[in-house]
Amino acid sequence: MNDSVFDRRRFLAASSAIAAGVLVGAPAIGRAANPHVLPALPYGDSGLEPVISAKTIGFHYGKHHKGYVDNLNKLVAGTELADQPLAKVVAATAGNADKVAIFNNAAQVWNHTFYWNGMKPGGGGKPAGEIGKRIDQDFGSFENFRKEFVGAALGQFGSGWAWLATDGRSLKVVKTLNAENPMTQGLKPLLTIDVWEHAYYLDYQNRRKDFVEASLDRLVNWAFAERNLKTQGTPPGPGGNVQ
Ligand code: FE
């Protein structure tokens, strides 16, 4: 799927999908058995080669991302969150010590779907358009942005994510730990790179920097980031519309 065909609605639907034909459980309220689904990748398993191998995609998407979806469905089954769309589950459980497992799995489903759509075959490099203009304006140059982003990705100790986000006024590079997402800090994500070891270890072993630089230079889908920049003016916050 190319940029022009990418359908953001599919991502939105993924967060709230109740697959037709799987309505079981309490018939009186029609609760879905597995309300969350694993969204299709926007490219094939080998679409990001040679930067990210089909083997990595097979495990990362096919096992890890799917695992978060499966875990989330088990965790919300029979709870008041069972019928909530993904984005609402993330917002409702953020910072709630009693709901850490649900938050972790819900946020990881959201983060991974966002990550996959932020990459594309033949992407990367210096962006044009509004996003390129804003990067120049807010970081001084694309090179400064790239340096800051790589620094954040390398500076995230252990597992986490590096993000380009906005507070509605300027663009920012942020890093988050484990499943955390800038939305819970009131920031709107525009783009992310997964820096959990499962994202790169098969291809790069401990060379996280090489993985991040190659992703920035050859995979980033800047049109996706620009669409996110333009979708709404107000950054979402906890409890708000986290899409
Ligand atoms: Fe991951």
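The values are calculated or read from the model by the stated rules, or taken from the named source; none is laboratory data. These numbers were taken from a predicted model, which means no experiment stands behind them. Heads up, the Cβs are rebuilt from the backbone with ideal geometry, glycines too, and the neighbour counts pull from every protein chain shown. When the accessible area is computed, the model is the full protein with side chains, heavy atoms only, and any ligands, DNA or RNA have been set aside. Shrake-Rupley method; radii C 1.70, N 1.55, O 1.52, S 1.80 Å.
Annotations
- Evaluation of H36 against (1) surrounded by fewer than 20 Cβ atoms within 10 Å (Cβ to Cβ); (2) away from the ligand (no atom under 16 Å from the Cβ); (3) more than 25 Å from A153 (Cβ to Cβ) (one fails), failing number: (1)
- Complete set of residues in segment 80-93 that are part of a loop (DSSP other than H, G, I, E, B) and either open to solvent by less than 30 Å² (accessible area, probe 1.4 Å) or at pLDDT 95 or above (or both): L81, A82
- When we screen A13, A26 for residues that are at pLDDT below 95, out of contact with any Lys or Arg (no Cβ under 9 Å at 6 or more places or on another chain), in a loop (DSSP other than H, G, I, E, B) and more than 15 Å from the ligand (Cβ to nearest atom), the only hit is A26.
- Test result for A97, of a type in the set (A, V, I, L, M) and open to solvent by less than 10 Å² (accessible area, probe 1.4 Å): no
- Elements of the type helices (runs of 4 or more DSSP H) sitting completely within segment 160-231 and holding at least 3 residues that are within 16 Å of the ligand (Cβ to nearest atom) and open to solvent by less than 70 Å² (accessible area, probe 1.4 Å): these cover 208-218.
- When the residues of segment 52-69 are filtered to those that are open to solvent by 60 Å² or more (accessible area, probe 1.4 Å) and in contact (Cβ under 8 Å) with a residue 24 or more places away in the chain, the one that is nearest to the ligand (Cβ to nearest atom) is H64.
- Inspection of segment 107-130 finds a residue satisfying the criterion of being away from the ligand (no atom under 16 Å from the Cβ), in a helix (DSSP H, G or I) and surrounded by fewer than 20 Cβ atoms within 10 Å (Cβ to Cβ).
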